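The values are calculated or read from the model by the stated rules, or taken from the named source; none is laboratory data. Just so we're clear, the structure is a prediction, and the values are computed from it rather than from any experiment. Cβ sites come from the backbone with ideal geometry, for glycine too, and all protein chains shown count toward neighbours.
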Amino acid sequence: MAYHVVAQLPDAQELKEEFPPDIPRVLADRDAIRAVLAGRDPRLMFIVGPCSAWPPDRVEEYSDRLVELQDRVREKLLLVLRCYIQKPRTVLGWTGIINQPNPLAPPDIAKGIRTSAKMMANVSQQLPVADEMLFTHNADYFGDYLSYAALGARSSEDPEHRYIASLFEPPMGVKHGTDGDLRKGVNSVQAVQAGHDLALGNKHIATSGNHYAHLILRGSEHGPNYHPAAVALAKKLLLEQGRRIRNPAIVIDASHDNSLNGDGKDPTIQKFVVKSVLQAMFDQRAEYSLVRGFMVESFLYGGNQKIRPGMGEDGLSITDPCLSWEETQKLLLETADALDQGNRLLERSEWSDA
């Protein structure tokens, strides 16, 4: 076979003994997210944080700032820290801190697992933590730290990802594919919500289904899809499934193909996406009645940088460009203030410039 063993990896149970998860806190955070997704809690959820969780000390600094902000907006917003340790690549590239904790050094998965677990153990004591389920075999290491997980656009139609997601306890966001086919996205939500039989390890497992799986609209190669026609279609397709999809819900990913301009991805467009959707919700547009929140890519500094010798380690993204902390704080405070005014129609002049 075309491989060789590089190193022995940590034992999952021993890892959690060294970096213990705060189980009561994580369970309570999962319940809070479920309540928002089901509409029992009227707050909006923002899954916000860096495109990729690196370097870990700057992620923890961001978490410290975000928990202070959560205290200011807790009546109107539920903030979930985006702590993505694994990154999909279209062809080749850095696959995240879990595989390569030093992006300029050779991969070291054993070190990456320990580094990621330490970071997640720390930040999950302050806030609900989200990660993408890219490598399903990592669930044993990190599942107990997570209050939210997501299937990316390249994973959501894969049977293995769907099956593993159906046994995962945190609420699961499901993105449609990069082609923007919402029906396929809804099919994936239904598959994750359903129970499945699979071989896992040396056992036959019957899963119960993840009943809070929901659709994430992330735009497509054909353009954005946070506008009324696309959101209305997503709502229609979800509700058509009847009891096959429980707790139907939509999250708008303000980044990715919803934040493209002619030159590529512009992180500042995320502010316009959020405010446009909020305006429609304040207008009581029926198309948006299942929208429960947003995904926003944000870090300490705005923009991004290439992975190269001498790159900064001060909180500037090394993958996709992000909003700065100042822009993010302003957006979240304005959103909470607007919601505090009773969801009344806002004149555009009342928003700061997007």
Scan segment 309-331 residue by residue and report those that are out of contact with any strand residue (DSSP E or B) (no Cβ under 8 Å at 6 or more places or on another chain) and either buried (at least 18 other Cβ atoms within 10 Å of the Cβ) or of a type outside the set (Gly, Ala, Ser) (or both). PRO309, MET311, GLU313, ASP314, GLY315, GLU326, GLN329, LYS330
Scan segment 251-308 residue by residue and report those that are surrounded by fewer than 22 Cβ atoms within 10 Å (Cβ to Cβ), of a type in the set (S, T, N, Q) and either assigned to a helix (DSSP H, G or I) or in contact with a helix residue (DSSP H, G or I) (Cβ under 8 Å, 6 or more places away or on another chain) (or both). ASN261, THR268, SER276, GLN279, SER289
Only one residue in ARG89, ARG154 is within 25 Å of HIS196 (Cα to Cα), assigned to a loop (DSSP other than H, G, I, E, B) and modelled with pLDDT under 95, so which one is that? ARG154
Residue count for segment 70-109, restricted to those that are over 25 Å from PRO128 (Cα atoms) and either among the basic types (Lys, Arg) or touching a Pro at 6+ places or on another chain (Cβ under 7 Å) (or both): 4
Answer from HIS256, HIS196 - the residue that is in contact with a strand residue (DSSP E or B) (Cβ under 9 Å, 6 or more places away or on another chain) and either under 25 Å from SER52 (Cβ atoms) or of a type in the set (A, V, I, L, M) (or both): HIS256
With ALA149, ALA191, ALA139 as the choices, which residue is hydrophobic (A, V, I, L, M, F, W, C), under 21 Å from PRO248 (Cα atoms) and either part of a loop (DSSP other than H, G, I, E, B) or over 15 Å from the mean Cα position of the chain (by Cα) (or both)? ALA191
When both residues are 6+ apart or on different chains and their Cβ atoms are under 6 Å apart, which pairs have a first residue that lies in segment 246-264 and is under 20 Å from LYS235 (Cα atoms), and a second that is aliphatic (A, V, I, L, M) and in a loop (DSSP other than H, G, I, E, B)? PRO248/LEU290; ALA249/LEU290; ILE250/LEU290
Where a residue in segment 30-55 is farther than 10 Å from PRO171 by Cβ and touching a residue at least 24 places away in the same chain (Cβ under 8 Å) and its partner, wherever it lies, is polar (S, T, N, Q) and assigned to a strand (DSSP E or B), with Cβ under 8 Å and at least six apart: VAL48/SER298; GLY49/SER298; PRO50/SER298; PRO50/SER317; CYS51/ASN304; CYS51/SER317; SER52/SER317
